[in-house]
Structure formats: C-alpha cells, structure tokens
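Q: Have a look at this one before I ask anything.
Only the coordinates and a few stated rules stand behind these numbers; no lab work does. Because the structure is a prediction, the values reported are computed rather than measured. Because the Cβ atoms are built from the backbone with ideal geometry, glycine has one as well, and the counts that use them run over all protein chains shown.
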Amino acid sequence: MTKRVFLIVLDSFGIGELPDAENYGDKGSNTLKAVSRSEKFNLASLKKLGLFNIDGVDVCEKEKAPLANFCRIAEKSKGKDTTTGHWEIAGIITEKPFPTYPDGFPIEITEKLENETGRGILCNKPYSGTKLLLDYGEEHIKTGKLIVYTSADSVLQIAAHEDVVPVEKLYEYCKIARKIMTGKHSVGRIIARPFTGAYPEFTRTSRRHDFSLVPPKDTMCDILCKNNIDVIGVGKIFDIFAGKGIQKTFPTKNNDDGMEKIKELQNEDFNGLAFINLVDFDMVYGHRNDVDGYAGALTKFDEFIGGFIEDMRNEDVLIITADHGCDPSTESTDHSREYIPLLIYGKELKNGVNLGTRMTFSDIGRAVLDLFSLKGDICGESFLHLIK
C-alpha cells in the first residue's frame, strides 16, 4: 500500500507543441528537443525510466525495458502558465483564461497602486525580467518608484532593489496589489521580484515571492488533508495554491536547494504527498533562452534522481512531470503551450507501460488520490488501474 508519493514538477519541461499551440503563438515549440541538442544534455536516469519512449518524443534512443510507466499529457485549461498548470495537475481545469495585459495595466489599476503604496510606477508593460533591470534599475534607485511589469502570462510583477524597498515592504506592496487585482483583473499571480547590486550588474535574489489566487474549489491537496493524509509543499507550491491544502511548506532558493529538501524528506517518515516544484528550469534558463544552462540543470537533476530511485522504499511512488513548456531556443522568452511528460515509478507498480496520450493534467491528481484509495470531486481520470 502506498505510503509516500513524491510528485516532482520540472517547471517548464514541455515535450512538444500541443495541437492548439499556434493559437498561443507557440507553433514549433519543443523544450525537450531544444535542450537535447546541447552538449550538456545527458539524461541517463530519465532514459532508463522511459522519458524517450513517450509518444511523440523523437530525441535520443528509446529504452528497451523502461523502469517506469510513461505518457504525455495535454493541457485542457485555457492557458500555459504556472498557476493554470499546477491547478490542473491538482484537479481544477481553468475554462476561462486569467487576464493578461499585452499593453500594460489600465490607469484605474496603476492609480490605485500608486495611491495605496505611496510610490510612483515605472515601466508598466510586458518586459524581460533581466533586461528590465538594465533599463529601469537606475531610475528606480534614484526615484524610489516601483518597477511594475507583466509578461505573456497572467501576472503583475513588482521589482525593487532591496536597499530601496526592504523585502518585507515589497511583500506588503504585493499584498496590496493582490487586493486590487480582483474581479475582471484577477491575475493568476502577483510576484515580488527583489534585486540587489549596481548597474549594470543587478542581480535578482532568491527572495522572490508569489501571491496567487486562492483555488476556487477543493483540489487533490484539500481532499488528502481532509482524510488526514500529509501534504507537504516544496518550492513555490504553497504560493501557487495560496496555502490552500498545504499543511507544511519548505521554500527553496534554487534547484539545488529543492533537491536537498527532497532528499531530506526521503529520509523522513510521513504518510502522504510531497508536492515539489523545481523552478530554475523555467525562471533561470527557459525565460532567459539559455539552452546550455537548461540542459545542464536537467543533467544535474538526472544525476540526483538516479540516487533517489535507489533509496526508494517499497511503498513509495515517484511521479515526474511538468506544468507547461518554455522552449529556450525560440525568439520568445515566454512559456510555450506544450505536452508535459509523465513518468511514474514504484516498486509495487508495473513498469514499462505506455499510457499513451492523456487529455488533461488532472489525470495526475486523480491517480494520486487513487494511490491513497480516496475519491473526491476533482477533474480527471485515474490511470492507476492500468499499472497496478
């Protein structure tokens, strides 16, 4: 009987464009294929699990006897961002896309933000997070104005130098923005983006914080909690769900810190779900179009997961997946509308079963509930009966 599930989301690790990718400006996107061309790409452990056996994946040699069960999954929600992806994994399909602001935020929003924070605003348009600091960092330091910007995703981001706006004060401003962005302006996330340094060597710090919408109904996490099953969030999971259904949280500074937290949890006794997000693939490499960096980070994770598998207990289940794509080889620095991979392995499960193409990320949430013999009102269809 399953006792511990480790659900690891490789943030942005898409494996090929969805049929509707063109509607999102993402025709031809394939994050896996892009990074597979790098000399730093070496995924021996994920190959062994069956990553390259997934339908539609045409990079690298397939494994003759995959250790895990595998498939690709399409996103049913309208969107391609972190909140939409994680919520769908946990059982909520977003029918109406969160609002985006390709022309910046309207004056009724910016005026409220200025009035309630007592600070002026710079930028107010979609912008690359790293280029933003070069273009607005000095003016922000001189004037104390907040750098407010967005992206192709449903986000309002506020960047501020830690010497100008202390981090806790920046968080307060983001909470104000969260209260302002309601109704038709209910963006998926308000993101605090603290940075340090001097021009031109500004550096974003690890004290980023996301202020998400509260999920509109119960998710996989809530159902587990209500049945006295542990739910532990690692990385930005707590933020993505606004704390709803997450009993314990371990924020992380980067992928290395996240993998260290996973290892610590593997050595602990708990009965439930460890829900993990490794954000560097997206934040540090995907959005910066750094193909080699992305490939190197995947290789490092691959080395980690090889050791993790060796130390798994009989009743453990490992699930590796993603939440969207972010092809670092395209001109765009935004997320891409792609299939996500699913690898599921446990010593008490079958292995090598090709689960084909699933039609919603929510099948993952259903399968997790199934592993603990639970039912609940979430979307999706479990695939556990095919591999048990």
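Q: Report, largest value first, the span of the C-alpha coordinates of segment 311-369 along each principal axis, in whole Å.
A: For segment 311-369, the Cα extents along the three principal axes come out at 45, 27, 21 Å.
Q: Here is a follow-up. Residue 226 to residue 125: FRET efficiency via 1/(1 + (r/R0)^6), r the Cβ-Cβ distance, R0 41 Å, to the nearest 0.05?
A: On the way: r = 43 Å, r/R0 = 1.05.
Result of the calculation: an efficiency of 0.45.
Q: Report the gain in length on full extension from residue 270 to residue 64: 0.36 nm times residue separation, minus Cα-Cα distance, nm rounded to one decimal.
A: 70.7 nm is the gain from fully extending residue 270 to residue 64.
Q: Could you state the per residue volume, in Å³, of the convex hull enclosing the Cα atoms of segment 111-232?
A: Working: hull volume 15.0 nm³, N = 122.
For segment 111-232, the hull spanned by Cα atoms encloses 123 Å³ per residue.
Q: Also: Which lysines, if any, have their Cα less than 19 Å from the Cα of residue 347, not counting same-chain residues under 8 positions apart?
A: 3, 47, 48, 64, 263, 388
Q: Still on this structure, I have one more. If one computes the Cα centroid of segment 214-265 and of segment 161-198, what distance in Å separates the two points?
A: Here the two parts' Cα centres lie 22 Å apart.
Q: Further question: Any aspartates and glutamates with Cα under 17 Å of the residue 125 Cα? List them, leaving off those in the same chain fewer than 8 positions away.
A: Straight-line reach from residue 125, under 17 Å: 103, 108, 111, 114, 135, 139, 153, 334.
Q: Another one. If you take the beta carbon distance between residue 135 and residue 111 as r and set R0 to 30 Å, what does 1/(1 + (r/R0)^6) give as a FRET efficiency, to the nearest 0.05? Walk me through the numbers before you get to the answer.
A: On the way: r = 23 Å, r/R0 = 0.77.
After rounding to 0.05, the efficiency reads 0.85.
Q: Out of segment 39-83, which trypsin sites (Lys or Arg not before Pro) are coil in DSSP terms and have no more than 12 other C-beta atoms within 10 Å?
A: Within segment 39-83, the qualifying trypsin sites (Lys or Arg not before Pro) (loop, at most 12 other Cβ atoms within 10 Å) are 64.
Q: Simple spin-label model, 7 Å along Cα-to-Cβ: residue 39 to residue 55 in nm?
A: Using points 7 Å along Cα→Cβ, the separation is 3.8 nm.
Q: With a ≥ b ≥ c the root eigenvalues of the C-alpha gyration tensor of segment 4-54, is it rounded (a/c under 1.5), prolate (a/b larger than b/c) or oblate?
A: oblate
Q: About the Cα centre of the chain, what is the dipole size in debye to 20, counting +1 per Lys and Arg Cβ and -1 per Asp and Glu Cβ, all else neutral?
A: Value, rounded to 20: 620 debye.
Q: Computed FRET efficiency, Cβ-Cβ of residue 348 and residue 201, R0 56 Å: what is it to the nearest 0.05? Write down the numbers at each step before the final one.
A: Details: r = 52 Å, r/R0 = 0.92.
Efficiency computed from Cβ-Cβ geometry: 0.60.
Q: List, in order, the whole-Hz ³J(HN,Hα) value for each residue of segment 117-123 obtained from phi through the Karplus relation with A = 6.51, B = -1.76, C = 1.60 and θ = phi - 60°; use x for Gly and Pro.
A: Rounded to whole hertz, the list is 9, x, 10, x, 10, 10, 6.
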